[in-house]
1. I need the full set of residues from the stretch 2-18 which are surrounded by fewer than 16 Cβ atoms within 10 Å (Cβ to Cβ) and either under 20 Å from Ala87 (Cα atoms) or at pLDDT 95 or above (or both), in order please.
2. Of the conditions (1) out of contact with any Phe, Trp or Tyr (no Cβ under 7 Å at 6 or more places or on another chain); (2) among the aliphatic types (A, V, I, L, M); (3) touching a residue at least 24 places away in the same chain (Cβ under 8 Å), Ala93 satisfies every one except a single condition; which number is it?
3. Look through Ala85, Ala30 and report the one residue that is touching a helix residue (DSSP H, G or I) at 6+ places or on another chain (Cβ under 6 Å) and over 27 Å from Cys178 (Cα atoms).
4. Condition first: hydrophobic (A, V, I, L, M, F, W, C), surrounded by fewer than 22 Cβ atoms within 10 Å (Cβ to Cβ) and in a loop (DSSP other than H, G, I, E, B). Can you find one or more residues in the stretch 198-212 that meet it?
5. From the list Ala40, Ala49, which residue is in the same structural domain as Gly152 (by TED's automatic domain parsing), crowded, with 16+ Cβ neighbours inside 10 Å and in a loop (DSSP other than H, G, I, E, B)?
6. Do we have any residue at all in the stretch 111-124 that's of a type in the set (D, E, K, R) and buried (at least 22 other Cβ atoms within 10 Å of the Cβ)?
7. Identify, by number, the condition in (1) over 20 Å from Ala188 (Cβ atoms); (2) in contact (Cβ under 8 Å) with a residue 40 or more places away in the chain that Asn72 doesn't meet.
8. Give me the residue from the stretch 158-207 that is free of Cβ contacts under 8 Å to residues at least 40 places away in the same chain and of a type in the set (Asp, Glu) and, out of that set, nearest to Leu5 (Cα to Cα).
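The values are calculated or read from the model by the stated rules, or taken from the named source; none is laboratory data. Since we're looking at a predicted model, the values are computed, not measured. As a convention, Cβ positions derive from the backbone with ideal geometry for all residues, glycine included, and neighbour counts pool all protein chains shown.
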Amino acid sequence: MPASLRPRRSLLYMPGANARALDKARGLPADGLILDLEDAVAPDQKALARRQVVEALGKGGYGQRELVVRINGLDTPHGAEDAAAVARAGAHAVLLPKVESRAMIEALEMRLRAAGAPEDLAIWCMMETPLGILRAEEIAAAGPRVACLVMGTSDLTKDLTARHTAMRLPMLTSLSWCLLAGRAHGLAVLDGVYLDLDDEAGFAASCRQGVELGFDGKTLIHPKTIAACNAAFGPSPESIAWSKRIIAAHAEAERQGKGVVLVEGKLIENLHVAEAKRLVALAEAIAGLEAGAAP
């Protein structure tokens, strides 16, 4: 499916050193998977994780899910090997941690190109440090491979010496700044993880806030949160039905040469029609993904 229509409601981190988890992920209803070589992997298991992730990608069976590999930073002992191994492994994207400059992205792109990466292998950027947030626009504009900004709110909260609060007020400036940068350059932008797996109400509230702010979806750390996340970030049946009515009414008005369209007393302008078409296309892409996701 076109990258611009690819659903990204839920992206689940999966530890690369856990072969069972990599296998189980083939049957999970997440829109995408982030196969992790970084934070979720102990230092003495980095090589094992790299090998298992490459083998899992080669084996396939993940349906139409988007497959992303989070590598270690290029300034670590493992980053260069990760980039070389993942370049032609069959992932859709490489997620680079702690991005703070255009130069970091260019260094990764150079290594991917040297390793023979296909032109459509995207680069995703973890936005998780104060300097990275301040340079969000530079990062979003760093090149044609850059496709997504991923909020790393846990590390960012730590670096800011802030607190995890219900309304995430300490995060709002950073979240909005990255959304502005991402949207200005046509990128997807994903919200950060929710850490308390027993707080279902808090997770639901975090998802609602993410939708209201404008995120495409949310990164997750446990499969049990996938269904609620998909429901929150996906268009509802009511919104799809309303969108189709708007599109039809606008088309009929154009045929009749009318400049004003009213649907149930509401004035419909071109911007509403554009958003309605986006929602309908997203709903169709989600249906296609879910129909073809199972191996």
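1. Ala3
2. Among (1) out of contact with any Phe, Trp or Tyr (no Cβ under 7 Å at 6 or more places or on another chain); (2) among the aliphatic types (A, V, I, L, M); (3) touching a residue at least 24 places away in the same chain (Cβ under 8 Å), Ala93 violates only (1).
3. Every option except Ala85 fails the conditions.
4. No; the residues of the stretch 198-212 include none that is hydrophobic (A, V, I, L, M, F, W, C), surrounded by fewer than 22 Cβ atoms within 10 Å (Cβ to Cβ) and in a loop (DSSP other than H, G, I, E, B).
5. None of the other options fit; the residue is Ala40.
6. Looking only at the stretch 111-124, we keep the residues that are of a type in the set (D, E, K, R), and these are 111, 113, 119-120.
With buried (at least 22 other Cβ atoms within 10 Å of the Cβ) added as a condition, the list becomes none.
Within the stretch 111-124 (the criterion being of a type in the set (D, E, K, R) and buried (at least 22 other Cβ atoms within 10 Å of the Cβ)), the answer is no, since none of the residues qualifies.
7. The single condition Asn72 does not satisfy is (2).
8. Glu200
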